[in-house]
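Worksheet: the structure to be examined is printed underneath.
Each reported figure results from applying straightforward, stated rules to the coordinates on display, with no laboratory input. Quick caveat: nothing in here was measured; it's all calculated off a predicted structure. All Cβ positions, even for glycine, are placed from backbone atoms using ideal geometry, and neighbour counts span all protein chains on display.
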Amino acid sequence: TGGPSGGCLPTELLDTPVDYDSLKAVGSMMGSGGLIIMDEDTCMVDVARFFLEFTQDESCGKCVPCREGTKRMLEILERITKGEGVDGDIELLEELAGVISKASLCGLGQTAPNPVLATLKFFRDEYEAHIHQKRCPAGVCQALLSYHIIEDKCKGCGLCKKVCPADAISGDLRKPHSIDKDKCLKCGACAAKCPFKAISR
């Protein structure tokens, strides 16, 4: 709710009235009055990264907390979505968010960390999956995807092999194929082409 400086709320709060006091009480804001509905196929870590990228780009650069703080937060979120997150990143994001909110000179800087704080509050498990399990629960963060062929379902038709731009799939006709993880670009062309739904990510 509220645009890039607003907050992200879980389904449990879907019935929250859209007014200033109600949204503020749950850690969000009216902001621009915008409202976006997302489903389980949306990565909340990536959403926070997207919104922070916008606010970081909009920063005038006058005050250090906003200019440098949002840049550091964005770098951390980009690392996390690339599977390079480490222990302590969540706590560092929270610490930076607190400093930026309190020390920034204008409303943009003061509210820039809101999407990160809201997603950490309500979707912390997604951050932990990215950092500790190197997995994106929504299957959005490409660096964390891993495609594999389910042998029981693979008929060995070779369609996946033909569409793979990296020549990462091998196997004989009418026998289960396999994907070379080192060559795989994680583009998803194989999964999209497989008529037997034998490729999972």
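Scanning region 103-112 for residues that are surrounded by fewer than 21 Cβ atoms within 10 Å (Cβ to Cβ), in a helix (DSSP H, G or I) and in contact (Cβ under 8 Å) with a residue 12 or more places away in the chain turns up Ala103, Gly107, Leu108.
Condition check for Leu185 on (1) in a loop (DSSP other than H, G, I, E, B); (2) farther than 30 Å from Met73 by Cα: one failure, at (2).
For Pro115, the stated conditions hold: it is touching a Gly at 6+ places or on another chain (Cβ under 7 Å), in contact (Cβ under 8 Å) with a residue 60 or more places away in the chain and closer than 23 Å to Leu144 by Cβ.
Against the conditions (1) more than 18 Å from the chain's Cα centre (by Cα); (2) touching a residue at least 24 places away in the same chain (Cβ under 8 Å), Asp87 satisfies every one except (1).
Mind listing whichever residues of region 1-27 are under 19 Å from Ser101 (Cβ atoms), aliphatic (A, V, I, L, M) and not in a loop (DSSP other than H, G, I, E, B)?
Taking region 1-27 first, the residues under 19 Å from Ser101 (Cβ atoms) are 1-9, 20, 23-27.
Checking the rest, the ones that are also aliphatic (A, V, I, L, M) come to 9, 23, 25-26.
Result: Leu23, Ala25.
Assess whether Met44 counts as being crowded, with 17+ Cβ neighbours inside 10 Å and closer than 18 Å to Leu144 by Cα.
Values: crowded, with 17+ Cβ neighbours inside 10 Å: yes; closer than 18 Å to Leu144 by Cα: yes.
Judged against the criteria, Met44 is a match.
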